[in-house]
Amino acid sequence: MIKRLAVIGVGLIGGSLALALKKKAAVDEVVGYARSSEVRKQALDLGIIDYAADSIAEAVREADVVFVAVPMGAMAQVFEEMSPHLSAQTIITDGGSAKAQVIAAAKQFLGEHFQFFVPGHPIAGTEKSGPTAAFSSLYEDHRVVLTPVEETRPEATKVVDEMWRKAGAEVFEMSVEQHDTVLAATSHLPHVLAFNLVGMLAQRDDCDEVLRYAAGGFRDFSRIASSDAVMWRDICLGNREAILSLLGQYRQGLNQLEEAIRSDNGDYLIDVFARAKKARDSRFADPSLIDNSEV
Ligand code: NAP
């Protein structure tokens, strides 16, 4: 049982964890912080938090666990602000979508307290944001990846592991590098592609006309382009190397497809499309495999 949980960033990810733990009676009190008083009030009114703090310093005071669920670009500043106000044994964890950058920020700003920092990433979400998007079952039967590093205290990892299990998640541990590479392929690259396609179509003069004839496939593919722009800017810049490497590979494949279409090379197209269909049909036959992916 967590006595006092502080949630910094009470949107979809932070709010859903608070609601899930409250529903399971796994937490006594949730204190929340967001920059805007309107967001804090929403979180209070929705029963996500019991108390809205006016500052990060106030939110983390005497907390047993602090969950940081702000856009990745804001994490460093949040760690810096909380650092002088943490109690000796307070455990800190986060929900950031790429881990190396967040860990570097925590190491820089948490100082001695870095040993109590457990990097984490819930592989769950929707394209919606803010407290109103939060719901208590978001993490049920979804995966949460923890990427503890050499300095991380095992007892801190254990507390965070148990917290996520109480919220209904399956918890896995991975190395930071493996996490950032895998998520770049399964989540970050697809978001970049969807944003690019929808953005490209939106610039056309006949955009409304084009979209009128969009079929289900376009709806499926484009859903993730409704995700929050700030969050995805921060993920792209925060997991730069892995995303750039995949974009290079993707561009090569696209060039080859372009050349095959130009030169009427139907065999090449059949080869690529059939290989992709076979891979998807066999590997993703279990829908839970893809439902688990972030947003
Ligand atoms: P969200 O719904 O937009 O919520 C973000 C929250 O952080 C809001 O309460 C926002 O309120 C607050 N915030 C923003 N900047 C802040 C700052 N500088 N200081 C303090 N609070 C700040 O975002 P989310 O979807 O929950 O994402 C949160 C984190 O989870 C991100 O790091 C993201 O990479 C990760 N994640 C997201 C998903 C997903 O599918 N959405 C999945 C897994 C992980 P104010 O604007 O009022 O400050």
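The values are calculated or read from the model by the stated rules, or taken from the named source; none is laboratory data. The model shown is predicted, which means the values in this text are computed figures rather than measured ones. Please note that ligands, DNA and RNA were not included when accessible areas were found on the heavy atoms of the full protein model with its side chains. Shrake-Rupley method; radii C 1.70, N 1.55, O 1.52, S 1.80 Å.
Relative contact order for the range 178-284: what percent, with Cα pairs under 8 Å and sequence separation of 6 or more?
Across the range 178-284, relative contact order equals 34 percent.
Pairing the Cα long axis of helix 154-166 with the longest principal axis of the chain, what angle in degrees results, from 0 to 90 and rounded to the nearest 10?
Its long axis makes an angle of about 70 degrees.
Highest GNM mean-square fluctuation, the chain, Cα pairs closer than 10 Å: which of M174, M163, M200?
Most flexible of the set in this elastic network: M200.
How tilted is helix 266-283 with respect to the longest principal axis of the chain? Cα atoms for both, answer in degrees (0 to 90, nearest 10).
Around 30 degrees separate the two axes.
For I49, what residues show an amide H to amide H distance below 5 Å, using hydrogens built from the backbone and excluding near sequence neighbours?
Under 5 Å from the amide H of I49: L44.
Output needed for the range 178-284: three equivalent-ellipsoid semi-axes, defined as square roots of 5 times the C-alpha gyration tensor eigenvalues, in descending order, whole Å.
Ellipsoid half-lengths, sorted descending, are 24, 22, 14 Å.
Compute the acute angle (0 to 90°) between the alpha-carbon long axis of helix 99-110 and the principal axis of greatest extent of the alpha-carbon atoms of the chain; round to the nearest 10°.
With both axes taken from Cα atoms, the answer is about 20 degrees.
Using θ = phi - 60° and the Karplus form 6.51 cos²θ - 1.76 cosθ + 1.60, what ³J(HN,Hα) does each residue of the range 225-239 get, whole Hz, x for Gly and Pro?
6, 8, 6, 5, 5, 5, 4, 7, 4, 5, 5, 4, 6, x, 10
Using modelled amide H (1.01 Å from N, peptide plane; none on Pro or chain starts), what sits under 5 Å from the amide H of S87, excluding residues fewer than 5 places away?
Answer set, sorted by chain and number: E62, A63.
In whole angstrom, note down how far apart the Cα centers of the range 180-254 and the range 1-79 are.
For the range 180-254 versus the range 1-79, the Cα centre distance is 30 Å.
Hey, if we sort L138, L211, L247 by accessible area with the 1.4 Å probe, largest down, what's the order?
Of L138, L211, L247, the descending order of accessible area is L211, L247, L138.
If you take every DSSP beta bridge fully contained in the chain, what fraction is antiparallel? Give it as a percent rounded to 5.
About 15 percent, rounded to the nearest 5.
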